[in-house]
Amino acid sequence: MKMKEDSPAKILLVDDLPENLFALELMLSNKYYLFMKANSGNEALKILLHEQDFAIILMDVQMPEMDGFETVDLIREIETLKHVPIIFLTASMDRSVYIFKGYQAGAVDYMIKPLIPEVLKAKVAVFVELYIKTHELLVQNEEKEKRAAELIIANKELAFQNDEKEKRAAELIIANKELESFNYISSHDLQEPLRKIQIFSTRLIADESQNLSDKGKEYVLKIEDSAKRMRTLIDDLLAYSRTTISERKFETTSLTPIIEAVKNDFKEIITAKQATIESGEMCDAYIIPFQFHQLMHNLIGNALKFSHPGKPPHIIINSRNIKGSKIKDQILLSEKEYCHITVTDNGIGFAPQYKDHIFEIFKRLHDKEKISGTGIGLTIAKKIVENHNGVIIATGELNKGASFDIYIPST
C-alpha cells in the first residue's frame, strides 16, 4: 500500500451502537487509515456533505429513525458520492431478502455479523487499494492535462517567435538591399572620383611643384588632405554598415566636444559661407561616440549645403534632458530619460509632406545639378539614431529652413 501517513485513506463507519463502532475501528486498526464515525444515518449524511473523499463506507443496516438502506439511497443521490464503495453490515436477518435489497440500494458487498476480522480487513484493504490507484490515476491525468495546457501555451509562444523571426527576416532582406545599394555607392561611385582626385593632387605636387605659388601649393595640400579625410569617412561608413550594433561600445559622453569637433570639420566651409553655428551647453548621453560624430556631421553638413545663395547659414544646436512620458512617441519608454537634441537652420528647407521621405535612402528633394549629394546622409543619420534606441523627427518649410529633433537615452 502506497498511502502516506500524512494523507491516510478515510473510512466512514456508521452504526447506532458505540461499542460496534469501537469494535470496527479496533479490527481495522491501521496507521494508513483515518476513521470517521457516525451513530445514525442523519449524522452520516452530515459528514458526507462536508467531506466526500472516502475510500469506503461501512454501513450498519438496522438503525433507528433511518436504516442503512434509506441512508444509502440518499447518499447515492449525491453525484460525487455515487461511486464510493459501501459494505452493508447486518445481524440475524433473512439473508436472501436483505442481501438483495442491499445490492439493489447500491452496496458493493454484504457481511453478516458476527464479523470475521480477517475477512473484513481483506475486503476493506481491496477497496482502499482501489481508491489509492484511482486517486493516483486522477493525479496523473491532471498532470497530463496540465502538461498539455503548458504545451499548448509553449506552442503558441513558439509560433509567435517564429512569426517574429519571419518578420525580422523580411526586415533583414530589405535592410540588405539598402546595404547593397549603399555599398555600391560607397565602393564605386564615391571611390572612383576620390581616387582620381588623390592621383592628380599627388601629381601636381610631384611634377608641377615648381610652377605653383605658395598659395597654390597650400590649396593642393588641402585638397589632398580633404580627399584623405573623405576616404577615411567612406571606410568608416562601410565598416559601420557591416558591423552589428552589439560590437560597438556605448559610453556616457558629453556631446559638447563632439559638436566642436564637427565644427572644426567644416571650418573652411563655415568661413567661406560666413556661417554661424550656435550651440549651448550640451547634455550627456549614452552614445557610440564615432557614430554620433557622424550623425552631427551629416546634419550640420546638410544645413551648410542646403543654404540660401548669398545668405549666411545660421545653425542653432540645443539639447536638454526630458522624460519619455512627455514625448509623444510610442517607440520611446515613458519612464526613461532622454537627451533631446535640436538642429535648426535657416536654409532652403523642404515641403512638409516630405518629412518622412527625407530619410529614405537615395531620396533627393532638390535638383542634383544645383546641389550635389548622394542622398544617403539622412538615411545614415536615421540608422545611427535607431542604433541608439532613439528617434529622429524632421520638420521643415520650403525656403524657411529645416529642423531635426533627436531623442536618445541619457543613460
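Derivation of every value follows stated rules applied to the coordinates shown; laboratory data play no part. Just so it is clear, the model here is predicted, and its values are computed rather than measured. A quick note on method: Cβ atoms are made from the backbone with ideal geometry, for glycine too, and the neighbour counts reach across all protein chains shown.
Taking R0 as 51 Å, what FRET efficiency do you get between residue 19 and residue 139 from their Cβ-Cβ distance, rounded to the nearest 0.05?
FRET efficiency, residue 19 to residue 139: 0.85.
I need the trypsin sites (Lys or Arg not before Pro) found in region 45-91, filtered to DSSP loop residues with at most 16 other beta carbons within 10 Å of theirs.
For trypsin sites (Lys or Arg not before Pro) across region 45-91 that sit outside H, G, I, E and B with at most 16 neighbouring Cβ atoms in 10 Å, the list reads 82.
To the nearest 0.05, what FRET efficiency results for residue 208 and residue 276 with a Förster distance of 41 Å applied to their C-beta separation? Walk me through the intermediate numbers first.
Numbers: r = 38 Å, r/R0 = 0.92.
The calculated FRET efficiency here is 0.65.
Assuming R0 = 30 Å, can you tell me the calculated FRET efficiency for the pair residue 326 and residue 357, based on Cβ-Cβ distance, to the nearest 0.05? Don't skip to the end; give the middle numbers.
Values: r = 27 Å, r/R0 = 0.91.
After rounding, the FRET efficiency stands at 0.65.
Once a ≥ b ≥ c are taken as the square roots of the eigenvalues of the Cα gyration tensor of region 9-139, is the result rounded (a/c under 1.5), prolate (a/b larger than b/c) or oblate (a/b not larger than b/c)? If you can, show how the numbers build up before the last one.
Details: a/c = 1.39, a/b = 1.19, b/c = 1.17.
Rounded.
As a footprinting exposure proxy, order 90, 80 by other Cβ within 10 Å, with the fewest listed first.
Values: 90 19, 80 9.
Final ranking by Cβ density, sparse to dense: 80, 90.
In region 9-139, if the dipole is taken from +1 on Lys/Arg beta carbons and -1 on Asp/Glu beta carbons about the Cα centre, which of 18, 138, 91 is farthest to the positive end?
Final value for the positive-end residue is 138.
Filter the trypsin sites (Lys or Arg not before Pro) in region 5-43 to those in DSSP coil with at most 16 other Cβ atoms within 10 Å of their Cβ, and list the result.
Numbers: sites: 10, 31, 37; in loops: 31.
Loop-located and lightly packed - 31.
Test of understanding: ordering 297, 83 by Cβ neighbours within 10 Å, fewest first, what list do you get? Let's see the in-between values first.
Working: 297 19, 83 10.
The most exposed by this proxy come first: 83, 297.
Give me the one-decimal nm value for the distance between modelled label points at residue 166 and residue 223, 7 Å along each residue's Cα-to-Cβ direction.
5.7 nm
With each pseudo-label sitting 7 Å past Cα toward Cβ, what's the residue 342-residue 256 distance in nm, one decimal?
2.1 nm
Restrict the search to region 266-364; then list the trypsin sites (Lys or Arg not before Pro) that DSSP places in a loop and that have at most 10 other Cβ atoms within 10 Å of their Cβ. Walk me through the numbers on the way to the answer.
On the way: sites: 267, 273, 305, 320, 323, 326, 328, 336, 355, 363, 364; in loops: 328, 336, 355, 363, 364.
Loop-located and lightly packed - 328.
About its Cα centre, how strong a charge dipole does region 9-139 have in debye, to the nearest 20, once Lys and Arg get +1 and Asp and Glu get -1 at the Cβ? Could the numbers behind the result be given before it?
Working: 12 positive and 19 negative charges, 81 e Å.
Its charge dipole is roughly 380 debye.
Sort 66, 282 by Cβ crowding within 10 Å, fewest neighbours at the top.
Working: 66 16, 282 20.
Lowest to highest Cβ neighbour count: 66, 282.
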